[in-house]
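The values are calculated or read from the model by the stated rules, or taken from the named source; none is laboratory data. Worth saying up front: this structure is predicted, and the values here are computed from it rather than measured. Here Cβ is always computed from backbone atoms with ideal geometry, including for glycine, and neighbour counts include all displayed protein chains. Calculation scope for accessible area: heavy atoms of the full protein, side chains included, ligands and nucleic acids excluded. Shrake-Rupley method; radii C 1.70, N 1.55, O 1.52, S 1.80 Å.
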Amino acid sequence: MAVSSTVERDSLYIGGEWVSPASDRRFEVVNATTEEVFGSVPEGVEADIDRAVAAARRAVDEDGWATAEPSERAAVLGRFADAVERRGSELAQTVSRENGMPLSLSEQFEAGYSVALLRYYAGLAAALEVEERRPSPLGFDSLVRREPLGVAAGIVPWNFPVVLSMTKIAPALAAGCAIVLKPSPGTPLDSYVIAEAAEEAGVPAGVLNWVPGGREIGRHLVAHAGIDKVAFTGSTEAGREVGATCGRLLRPCSLELGGKSAAVILDDADVDEVLQGLAFASLANNGQNCAASTRILAPASRYDEIVAALTDFCSDLRIGDPLDPATQIGPLASREHRERVEGYIETGRGEGRITTGGGRPPGAGWFVEPTVFADVGNDARIAREEIFGPVLVVIRYADDDDAVRIANDSDYGLGGTVWSRDGERARAVARRIVSGTVGVNGYVLDLNAPFGGVKDSGIGREYGPEAMAGYQRLKSIYLPAG
Ligand code: NAD
């Protein structure tokens with residue numbers, strides 16, 4: 001289904017109903033490619049968050065969602081997946097207009113992968129054993145229960161608004177939690193499509209609630225007395241504040257934050273294959289990708305060859321309208337964000353040598369040319385700070401130990417890749433990288449493996465059974481008398 005040119009939304013999805021917002025404030029949503037307003041939504045205020053949390057509390061405390069048979073929750077998630085799948089095209093187009101994501105990626109990832117996430121957690125819910133009878137070495141048994149934590153708050157950024165919501169919704173609902181989501185002001189329209197899918201699928205009232213808004217209502221949601229867990233994805237700076245609030249409240253939280261990951265190209269790598277892989281691993285979503293391998297580590301023996309090949313590859317990438325399926329690089333998500341990325345490019349001019357890019361293509365849209373900096377040291381700002389755009393730095397290393405040392409010399413640890421013709425050699429290097437995830441000869445998020453960061457990239461894990469466990473609390477019932 002094609003998305004109509006302008007999308008005006010007047011209500012909020014709270015408690016299974018489309019309700020009037022508490023205030024008449026609104027957000028405009030701007031198309032990243034045309035720079036024109038193409039929609040608007042109500043801006044949630046604290047009273048809306050309060051209503052959403054109350055509705056979620058009713059769903060778990062009174063209406064039986066938390067105590068439902070896991071198989072019932074699995075059935076709900078399965079229907080929800082089907083309803084999201086039917087809206088795949090609408091979702092993908094909405095996201096591509098909101099944040100400039102190339103349609104090939106929004107179709108495959110925002111739409112397709114989201115459905116896969118819902119189905120994966122439906123499967124985990126169906127197999128969930130809430131209570132285990134465990135023999136004790138002391139001669140009696142205990143019951144170990146996995147109970148839902150209650151009401152979760154999900155706070156997401158603008159770069160992958162659908163998948164990052166689903167990485168919270170799917171495991172939370174599978175575990176028996178209800179959730180209140182706060183999308184980013186830049187990308188609220190897709191959340192309405194997901195809410196419509198939830199309504200059609202018969203997700204029980206209050207289990208899923210959305211309140212779009214900025215950081216102020218985000219703060220209100222994080223600290224709300226009715227919240228039992230916070231699942232946050234965003235910048236390291238905001239994550240520290242969310243973590244501090246949760247620490248004060250002794251509230252469980254997961255923090256998925258920024259990154260500055262390394263692509264370690266070993267000296268036997270096939271450069272053509274590496275470049276094909278880096279198109280996704282380093283530049284997916286126009287470089288607005290937390291796990292992107294943006295520090296390219298090249299062996300001194302092949303440095304010039306790799307810089308030349310990467311330069312040609314990046315200068316040939318097709319920049320254009322994200323709705324054109326052939327586009328590889330779309331615009332950045334907002335004017336402010338482009339200014340930030342261009343600021344880093346200016347800084348980089350004093351820290352390395354630009355071999356391609358650095359400018360803006362002519363015309364409308366917040367585009368930045370794919371940019372490569374060579375002769376950069378790992379202590380440069382452009383090598384240490386997250387740029388979050390199509391900007392790569394190529395760093396020289398001496399041998400494998402030196403490559404591992406440079407890869408690990410970062411405040412972050414979220415993603416990373418190792419490239420070699422010798423799989424075992426690459427795996428050995430991957431094991432030495434201090435990061436939550438590493439890809440060997442490619443980078444693909446596995447639904448069934450935990451994803452998350454170390455150091456300034458955050459704490460906690462999403463994906464896999466580990467994410468569902470993050471929405472459960474353990475309770476032991478001792479049976480010393482049988
Ligand atoms: P951001 O931190 O500014 O905002 C993220 C979300 O948090 C938004 O919804 C925002 O309104 C809200 N928010 C901001 N400050 C808050 C506060 N103090 N309390 C509560 N809510 C608050 O980040 P952004 O610019 O929207 O997104 C880009 C960042 O997200 C990058 O750093 C990127 O690396 C990171 N990110 C991380 C992952 C991951 O899985 N690790 C995935 C995608 C993006």
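For segment 263-320, the calculated P(r), taken from all Cα-Cα distances in 10 Å bins from zero up to the bin holding the longest distance, is 22, 57, 19, 1 percent. Cα gyration tensor of the chain, axes a ≥ b ≥ c as square roots of the eigenvalues: rounded (a/c below 1.5), prolate (a/b > b/c) or oblate? Oblate, because a/c is 1.5 or more while a/b does not exceed b/c.
Applying 0.36 nm per residue to the separation of Asp267 and Asp401 and subtracting their alpha-carbon distance, the gain on full extension is 47.0 nm. Compared with the dominant Cα axis of the chain, that is its longest principal axis, helix 271-281 is turned about 40°. For the chain, a simple Cβ point-charge model (Lys and Arg +1, Asp and Glu -1, everything else neutral) yields a dipole of about 1200 debye relative to the Cα centre. Positive-end ranking of Thr417, Ala398, Ala333 along the dipole of segment 261-447, with charges on Cβ about the Cα centre, is headed by Ala333. Farthest towards the positive end of the charge dipole of the chain, among the residues Cys246, Met468, Leu181, is the Cα of Cys246, using unit charges on the Cβ of Lys, Arg, Asp and Glu. FRET efficiency for the pair Glu36 and Arg215, taken as 1/(1 + (r/R0)^6) with r the Cβ-Cβ distance and R0 = 25 Å, rounds to 0.45.
Round to a whole number: what % of the accessible area of the chain belongs to carbon and sulfur, probe 1.4 Å? Here it works out to 50 percent. With contacts taken as Cα pairs under 8 Å and at least 6 residues apart, segment 261-447 reaches a relative contact order of 29 percent.
Near Leu181, the amide H atoms lying under 5 Å from its own belong to Gly154, Asn209, Trp210, Val211; only residues 5 or more places off or on other chains count, and H is placed 1.01 Å from N.
With a cut-off of 13 Å between beta carbons, the residues surrounding Pro450 carry a summed charge of -3, where Lys and Arg count +1 and Asp and Glu -1. Please say if segment 261-447 is rounded, prolate or oblate, where rounded means a/c under 1.5 for a ≥ b ≥ c the square roots of the C-alpha gyration tensor eigenvalues, and otherwise the choice is prolate for a/b larger than b/c and oblate otherwise? Judged from the Cα gyration tensor, segment 261-447 comes out prolate (a/c at least 1.5, a/b above b/c). Only beta bridges with both residues in the chain are counted; by DSSP, about 45 percent of them are antiparallel. Report relative contact order for the chain in percent, whole number only (criteria: Cα-Cα under 8 Å, sequence separation at least 6). Relative contact order here is 18 percent. Once the chain from Asp24 to Ala225 is taken as fully extended at 0.36 nm per residue, the excess over their C-alpha distance is 69.8 nm. Summing charges over neighbours of Gly377, with a neighbour being any other residue whose Cβ is under 15 Å away from its Cβ, gives +2 when K and R count +1 and D and E count -1. Ranking Gln276, Leu266, Val156 by Cα position along the charge dipole of the chain, where only Lys, Arg, Asp and Glu carry charges on their C-beta atoms, puts Val156 farthest toward the positive end. Residues in segment 221-248 near a label at Thr347, defined as backbone nitrogen under 20 Å from the 7 Å Cα→Cβ point? Residues 234-241 fall inside that zone. Under the simplified labelling scheme, the Asn448-Asp316 pair shows an inter-label distance of 3.6 nm, with each label point 7 Å from Cα along Cα→Cβ. Listed peptides 186-193, 167-174 appear in the order 167-174, 186-193 once ranked by packing, highest mean of other Cβ atoms within 10 Å at the front. Fully extending the segment from Leu143 to Arg360, taken as 0.36 nm per residue of separation minus the present Cα-Cα distance, adds 71.9 nm. Working note: Karplus 6.51/-1.76/1.60 with θ = phi - 60° gives segment 372-378 the couplings 10, 10, 9, 6, 9, x, 5 Hz, where Gly and Pro are set to x. If R0 equals 35 Å, the separation of the Cβ atoms of Arg427 and Ala469 corresponds to a calculated FRET efficiency of about 0.85. Seen against the Cα atoms of the chain and their longest principal axis, helix 303-316 is set at about 70 degrees. Note that segment 261-447 presents 39 Å² accessible area per residue, ligands and nucleic acids not counted, probe 1.4 Å.
Put a dot 7 Å past the Cα of Ala309, heading toward its Cβ, do the same for Arg134, and the two dots end up 5.0 nm apart. Entry note, the chain: the mean residue ellipticity at 222 nm calculated from DSSP H runs of n ≥ 4, each adding -39500 (n - 2.57), is -11500 deg cm²/dmol after division by the residues and rounding to the nearest 500. Rounded to the nearest 20 debye, the dipole magnitude of segment 261-447 is 380 debye, with +1 charges on Lys and Arg beta carbons, -1 on Asp and Glu beta carbons, and the Cα centre as origin.
For Asp375 and Asn408, the FRET efficiency from 1/(1 + (r/R0)^6), where r spans their Cβ atoms and R0 equals 25 Å, is about 0.70.
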